[in-house]
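Just so it is clear, none of the values below were taken in a lab; they were calculated from the coordinates. Every value quoted in this text rests on a predicted model; they were computed, and no experiment measured them. Quick reminder, even Gly has a Cβ in these numbers, built from the backbone with ideal geometry, and neighbours come from all protein chains shown.
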Amino acid sequence: MSHPRRVALQPGHVLHQRPYRDSSLLVEAFTPDFGRVGLVARGARGPRSRMRGLLQPFRPLLLSWAGGGDLATLVGVEADGPMRVLAGVGLLSGFYVNELLVRLTARHDPHPALYHAYVAVLAGLQDSGREEPALRIFEKRLLQELGYGLLLDREATSGRAIEPERLYRYRPELGPVPADEGAAQYPAIHGRNLLALAHERPDFDAEGLREAKGLMRNAIARQLGDRPLKSRDLFQGAPQRRSGARGSGGDA
Amino acid sequence: MPHLPVVQRLIEALRCLPGVGPKSAQRMAYHLLERDRDGARRLARALDEAGERVRRCRLCRSLSEDELCEVCANARRDRSLLCVVETPADTQAIEQATGYRGLYFVLMGRLSPLDGIGPEELGLDRLGARLAEGEVRELILATNFTAEGEATAQYISTVAREHSVRVTRIAQGVPVGGELEYVDQDTLSHAFRGRRDL
């Protein structure tokens, strides 16, 4: 697959960066038109580099690069509007979202809709206390973009419409089945919460947040395979004590 | 003519240094052998000695010759203040620039989930244990102002709060001699949000 030789002022976000050679950075960026791209920022680790401050995760950027291989050379970076201030849970969740994108998308696979979902979730993570619903919507859209979209508004086997007050079990790769029809090992979720996810109106109560999280965690674990997400360790209290839940993702 | 096997081994060994490729390694090796045998012996002894004797300080995890580093062993330092930094070089910078008289905790990195570095890898359980001892009254977070440094500070602050320790973060703003017109917009935006009463 050939990639364009030169790209100018493409909107993008840095997902991750790490030292490369003596004074350069290897930047993993996410863009609407080119998906995830690997960019070498030459000399960006030097003390006088202007790029370094800009090449931070969660900051809207305009990126220009050249070169057609797997790794292109970053030739320009500009701020695209004011920086985004993520703090607390929002910041840690941002790392989770970035890890999901690095783990589950392939380089040079354009996902404009996913990019918009990413920008939307970052905006949501700035809103303290509303992080979880924003994450659930992003996870739903991520799965959809990857081709593993969840069936949320109909029952899996019968095709009947989901009833808000009924309890369902979500069977992976199939969909929701009424809880009284067995499948007790799968995540339980009420119809109203399935519908809220389907229509992206996540005004969940505490129970709804828990159910939606259980559903998404299970669905995403199936895509991740055996290696758990490292960023989950950042969530105090959740990480170590939840190791059982993470283990159950491995059987997917 | 190929290198002698023993010279080849020296060249290979020198390549473990950052930024040293095959060419520079070869130049270094021949310089030491042809022009500076004394220097070569001194280097060998110094490397050997340092490799044997330098270890991690039991308290702050920084490099040390003894079980405790000089700072941690110093009885005159204020043991109720603990400053968290990412690297030993950061400790040096703070020592030289400020009159800080407390102790340090060196993370030897920062939280970076995508590089597989989580709280465990940074020894944060040991930091938690230290805070639980109750000697520390204030924890000063001096991690870098990168997204990862911020996340690290954020994570440690929740640990510290569990132990009811006061947490502070070093300030961020316009550099000395900086003119607002030329300061980058993100720094200025931080400085503006972090303004204080006079």
> DSSP loop trypsin sites (Lys or Arg not before Pro) in the stretch A:13-49 with at most 10 other Cβ atoms within 10 Å of their Cβ, which ones?
Replying inline: A:48
> Which lysines have a Cα lying under 23 Å from the Cα of residue A:213, excluding residues fewer than 8 positions away in the same chain?
Replying inline: A:140, A:230
> Between residue A:8 and residue B:17, what is the spin-label point distance in nm, taking each point 7 Å from the Cα along the Cα→C-beta axis?
Replying inline: 4.4
> To two decimal places, what compactness ratio does chain B give when its Cα radius of gyration is scaled by 2.2 N^0.38 Å?
Replying inline: 1.34
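Quick one: what do you get for the stretch A:89-237 if you divide its Cα Rg by 2.2 N^0.38 Å?
On the way: Rg = 15.1 Å, N = 149, 2.2 N^0.38 = 14.7 Å.
My calculation over the Cα atoms of the stretch A:89-237 gives 1.03.
About the Cα centre, and with charges only on the beta carbon of Lys, Arg (+1) and Asp, Glu (-1), how big is the dipole of the protein assembly as shown? Nearest 20 debye, please. Please list the in-between numbers first.
On the way: 63 positive and 58 negative charges, 186 e Å.
Roughly 900 debye for the protein assembly as shown.
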> Got a sec? Charge dipole of the stretch A:89-237, +1 on Cβ for Lys and Arg, -1 for Asp and Glu; which of A:229, A:149, A:128 is way out at the positive end?
Replying inline: A:229
>> Only four residue types carry charge here, +1 at the Cβ of Lys and Arg and -1 at the Cβ of Asp and Glu. Report the dipole size of the stretch B:78-169 about the Cα centre in Debye, rounded to the nearest 20.
In response: 340
> Taking neighbour Cβ counts within 10 Å as the exposure measure, how do A:230, A:213 sort from fewest upward?
Replying inline: A:213, A:230
>> Taking the Cα centre as origin and putting +1 on Lys and Arg beta-carbons and -1 on Asp and Glu beta-carbons, what dipole magnitude results for the stretch A:15-116, to the nearest 20 debye?
In response: 400
> With contacts defined as alpha carbon pairs under 8 Å and 6 or more residues apart, what's the relative contact order of the stretch B:78-169 in percent?
Replying inline: 32
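Which percent, nearest 5, of DSSP beta bridges in the protein assembly as shown are antiparallel? Each step should come with its number before you reach the end.
Details: 36 of 54 bridges.
Counting only bridges with both partners in the protein assembly as shown, antiparallel ones make up about 65 percent.
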>> Taking just the alpha-carbon atoms of the stretch A:170-211, what radius of gyration and Dmax come out, in angstrom?
In response: 10.6, 28
> Per the Kirkwood treatment, what hydrodynamic radius in Å, one decimal, follows for chain A from the mean inverse distance over all distinct Cα pairs?
Replying inline: 19.5
> Which value in Å is the Kirkwood Rh of the stretch A:1-105 over different Cα pairs?
Replying inline: 14.0
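Give me the percent relative contact order of chain A, please, defined on Cα pairs under 8 angstrom at least 6 residues apart. All intermediate terms of the calculation are to be shown ahead of the outcome.
Numbers: 455 pairs, mean separation 34.7, N = 252.
Across chain A, relative contact order equals 14 percent.
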> Which whole-number value in Å³ per residue fits the convex hull of the alpha carbons of the protein assembly as shown?
Replying inline: 217
> Of B:106, B:13, B:31, which is farthest along the charge dipole of chain B in the positive direction, counting Lys and Arg as +1 and Asp and Glu as -1 at C-beta?
Replying inline: B:31
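Could you tell me the relative contact order of chain B? Use alpha-carbon pairs under 8 Å, at least six residues apart, and round to a whole percent.
13
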> Tell me which aspartates and glutamates have Cα within less than 17 Å of residue B:23's Cα, excluding those fewer than 8 residues away on the same chain?
Replying inline: A:22, B:12, B:34
